[in-house]
1. Would you be able to tell me the number of residues in region 32-54 that are in a helix (DSSP H, G or I), free of Cβ contacts under 8 Å to residues at least 60 places away in the same chain and surrounded by fewer than 16 Cβ atoms within 10 Å (Cβ to Cβ)?
2. Quickly run through region 55-69 and pick out the residues that are without any contact (Cβ under 8 Å) to a residue 12 or more places away in the chain and of a type in the set (Val, Ile, Thr).
3. So, in region 63-122, of the ones that are polar (S, T, N, Q) and surrounded by 15 or more Cβ atoms within 10 Å (Cβ to Cβ), which residue ends up nearest to the chain's Cα centre (by Cα)?
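Readers should treat all values here as calculations from the given coordinates under stated rules, not as data from a laboratory. Owing to the predicted nature of the structure, the values given are computational and were not obtained by experimental measurement. Cβ atoms come from the backbone with ideal geometry, glycine included; neighbour counts cover every protein chain shown.
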Amino acid sequence: MASRSGSIAVVMGAAAVAFLAGSHMTRKSVEAQSAQRVFELRTYTTIDGRLQQLVDRHKNGAIPLFEKHGMHVVGFWVAADAPKSSNTLTYILAHPSREAAETGWKRFLADPGRDLFEHEPIVEKVDRVFLHPTDFSRIR
């Protein structure tokens, strides 16, 4: 029995070391991507009753175009609490630089592929904030 628990301890120890090494490697590789990398936080407020339409527009149309134009999707969120849960979509894009963000948006807006999914106005307001990660952020 002692050798079995000893084996389990060795396996658990090896797993912990592998996890820590992997965490370190992941953080280093993320940091190495770019010192100028910038994140864009976008919050959309929809016209009443149009939130799902905006979610579908991004899910089925905008995301491939973002990627096509060098804008990496980090994630999308719908507000958890009312009243914003009925009309608010937030997402984050990552860009190699602020200049790349501006270029990506110009190309996105000029892309004829947008016509396939943007048929009518459904957004009342867009808030846009560019973010630089702190030195202790897990994603940089």
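1. 2
2. Within region 55-69, just 63 meets the criteria.
3. Filtering region 63-122 for residues that are polar (S, T, N, Q) and surrounded by 15 or more Cβ atoms within 10 Å (Cβ to Cβ), the one nearest to the chain's Cα centre (by Cα) comes out as 90.
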